[in-house]
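The structure appears below as structure tokens.
The values are calculated or read from the model by the stated rules, or taken from the named source; none is laboratory data. Keep in mind the model is a prediction, meaning the values are calculated, not measured. Glycine also receives a Cβ, built like all others from the backbone with ideal geometry; neighbour counts cover every protein chain displayed.
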């Protein structure tokens, strides 16, 4: 099976398994796991923040950040179709008690759009806007890299308005590679940032939440409240450290493979795909009337040995990663192009 459902489906390489097996461990609840401590220190430096905390998942990273930066009943401004709203099972409302205001188009929004949506503090009717979240890269927008001038403008406007800023950097590493910059440069305008180790980098689990030292100290308690406190987690931290050391630079290969697939299927009359959005390792495309629907394409593709993910009745996503080769991507692109034409 050529599995293009997500970059989370990768399995640890032999070298990563060796790093896991050799990892020195201790009780992370006492701050005594050397592998965790080393990863957190390295992660904070990579992200340009004072401190970092290992968390088991990216969703938990978002939830911890919400608990730290908002109060129940607050309003959080986000991009349309953002992960924190669409893909976390309603956790923001259940865990932090916040509501979300989605703005912008195509995964981005301007400072003016943010200010228009921002609700004032102390209003007798409005829930106060206390946080703005930017997702970079933006998953449902096709792995789009948010332009840094736009990021800086939004964060500047938020700071002036007394609103905290969070970077949902599940695929921040991909954004940095695509933009030919550093993760720290992208994260610099934000109060808090997190980045996943279990997506493009291929670790089996883990994300790093980074920010001011006092805030990250508070995050330790929130992590425990949400069930994320673990013991000899250095086994997983070692996988994350190995991923950063050995799988970061090769992310550009995944980006090239995604563009290869996108260029092929964009030629199909039954497919609507803006190639300008294919900037990293995600391809989101839409099926025109007359083409098969998404469920049909998923089923037919699986019969032919290709797995992909349906985002909606006529919307599909393909994600490239370190477990698929260029030849497999060429094969998958040809199969998908043929299937998408079948009923047109």
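Listed values, structure above:
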| read-out | value |
| --- | --- |
| Among (1) more than 14 Å from residue 281 (Cβ to Cβ); (2) under 24 Å from the mean Cα position of the chain (by Cα); (3) in a helix (DSSP H, G or I) - the single one residue 311 does not satisfy | (3) |
| Residues (surrounded by fewer than 24 Cβ atoms within 10 Å (Cβ to Cβ) and not in a helix (DSSP H, G or I)) located in region 178-193 | 180, 181, 182, 188, 189, 191 |
| Options 136, 62, 95; residue that is out of contact with any strand residue (DSSP E or B) (no Cβ under 9 Å at 6 or more places or on another chain) and either buried (at least 16 other Cβ atoms within 10 Å of the Cβ) or assigned by TED's automatic domain parsing to the domain that holds residue 277 (or both) | 95 |
| Unmet criterion (only one of (1) surrounded by 16 or more Cβ atoms within 10 Å (Cβ to Cβ); (2) more than 25 Å from the chain's Cα centre (by Cα)) for residue 286 | (2) |
| Selected residue [in the same structural domain as residue 25 (by TED's automatic domain parsing) and touching a helix residue (DSSP H, G or I) at 6+ places or on another chain (Cβ under 7 Å)] from 236, 201 | 201 |
| Of all residues making up region 256-283, the number that are in a helix (DSSP H, G or I) and either surrounded by fewer than 20 Cβ atoms within 10 Å (Cβ to Cβ) or modelled with pLDDT under 95 (or both) | 8 |
| Sole residue being modelled with pLDDT of 95 or more, within 19 Å of residue 83 (Cα to Cα) and buried (at least 24 other Cβ atoms within 10 Å of the Cβ), chosen from 175, 239 | 175 |
